[in-house]
């Protein structure tokens, strides 16, 4: 089963960290990614740019409107994801628990839709 | 000889050559490298010089030589270790036919022993490997599929699949001598190991069969591959009832492939399928296999499932289905392999034989079962039984719950469509759902 692990954090909070703290966090992420690559569970993932670069697109009556933001001052923002292919949702949750953002903010585990189906 | 026909010739020989080498010399990874080199030699030499009289023997001899070259180039210490290890295997360099190593001319080698496919399958489906690795390694080493093909079939990046296969091989290497020969048929661990092989073949089949049409044709090839490999095992173990049962189950299930989805990928349930599009030849082959197995072999779960599939396939119209027999078979299956999924299927059969309320009663026995918590299949069965019982509002509710729980897109579309055909749940005034945004 494939799962997307959604990473939530607050960039402002990490900005306040000391350099060596941030480095330790990045190293932790690198080590986990390496491990998932070696187990053959890592499918992919991306980190998102800072929320301040966000644009919102709405189409009303066929007319697109593109605005900057939102810049809502929420504590936790969607920051990126990794996709894993693993045996069970328990294993996916175990991986999510080891992602450092889970300790400070939160991770969400979402099953990915597939196209197989059993006989109905 | 054109290049592509050489490749067509080489592909089915790959697993036989690899199987022979692994049986003789034991070292999976080194053998695979040697086989790859021999295949490369063949693809260069055969189009120029013609295909040898005994292509399989030629490949085995060349691959064996490549393997000895490889060993000679390694350190003396390493070579001693290899010798000690391979000597422990019957058929190794010190064994009865060990003289063949490096001695025979290409073409002199006898055809591979038929046991080799089984040796290789036992190796690839070893219980120390997780199921995903067993499946990947089986397709790579026994099926002869490329890593890219397997990755496409499982919709993961090639690097992910390559890593999965390489890790499985390392695991086999680390496990060393314990991976020699499969246990002898009379040993109890033989049936356990065979069960693991059959389970992997079943997983490969399902992965392909449960796919819908359209973009997923690479996955559908997995079904053909699983049938091909199961046929190979059946040829080697023709008297094993469960091997026959699994092959019959695959044939009887795959026979319905053309009818089970529409060109746009939407699912057609068994009762609504155009039975004229079922594959009559596959049905008669599967039915003959399962009848013969049931008559002489000890009963097992694959045989019972094949027998159930045969009862469905033999009904000319859905309403002709012998549900009483299907129910009896599910009762046998539940005794053999008790579990909530079997109970779920028995609830369907009871609903068809004794009426939907009786089926719903069986289903209510599963309500507290944590093994099915969050499983959409319970809601699917409940919805069908409620619809049969004429409780359309509750059925609609159940279909919608099932649609939210499934992670399968075609199933979700099917369940939403079923729900939409039924009248809405009656609601008290004021409880109506909010109208959609304008």
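Sorting the segments B:364-372, B:249-257 by their residues' average number of neighbouring beta-carbon atoms within 10 angstrom, most packed first, yields B:249-257, B:364-372. In percent, how large is the relative contact order of the range A:18-87, given Cα pairs closer than 8 Å and 6 or more residues apart? Across the range A:18-87, relative contact order equals 35 percent. If you model the range B:267-309 as an ellipsoid using its alpha carbon gyration tensor, with each semi-axis the square root of five times an eigenvalue, the axes come out at 24, 13, 5 Å, biggest first. Specify the inter-centroid distance of the range B:265-291 and the range A:1-68, based on alpha-carbon positions, in whole Å. Each part reduced to its Cα centre gives a spacing of 48 Å.
Taking a ≥ b ≥ c as the square roots of the eigenvalues of the Cα gyration tensor, the range A:4-48 is classed as oblate, since a/c reaches at least 1.5 and a/b does not exceed b/c. Between the C-alpha center of the range B:221-239 and that of the range B:308-376 there is a gap of 28 Å.
Packing around the peptides A:46-56, B:192-202, taken as the average count of other Cβ atoms within 10 Å per residue, puts them in this order, highest first: B:192-202, A:46-56.
The listed peptides A:85-96, B:127-138, ordered by packing as a protection proxy, come out as B:127-138, A:85-96 (highest mean of other Cβ atoms within 10 Å first).
What average number of partner chain Cβ atoms lie no more than 10 Å from the Cβ of the residues making up A:36-43?
Working: counts 2, 3, 5, 7, 15, 6, 5, 6.
For this peptide, the per-residue mean of nearby foreign Cβ atoms is 6.
Calculated mean residue ellipticity, 222 nm, chain A: -10000 deg cm²/dmol, from DSSP H runs (n ≥ 4) at -39500 (n - 2.57) each, averaged per residue and rounded to 500. Taking every residue in A:105-116 and counting other chain Cβ atoms within 10 Å of its Cβ, the average works out to 4. Neighbouring Cβ atoms from other chains, within 10 Å of the Cβ of residues in B:408-414, number 4 on average. Let me check against my output: what whole-number percent is the relative contact order of chain A, with C-alpha pairs under 8 Å and at least 6 apart? In percent, rounded to a whole number, it is 47.
Quick one: grab the alpha carbon gyration tensor of the range A:1-110, order the square roots of its eigenvalues as a ≥ b ≥ c, and give me rounded if a/c is under 1.5, else prolate or oblate depending on whether a/b is larger than b/c. Note, shape of the range A:1-110 comes out oblate. The overall shape of the range A:50-120 is oblate: from the C-alpha gyration tensor, with semi-axes ordered a ≥ b ≥ c, the ratio a/c is 1.5 or greater and a/b is no larger than b/c.
Coordinate-derived values only; no laboratory data. Since the structure is predicted, the reported quantities are computational estimates derived from the model, not experimental observations. Reconstructed Cβ throughout: ideal geometry from the backbone, glycine too, with neighbour counts over all protein chains shown.
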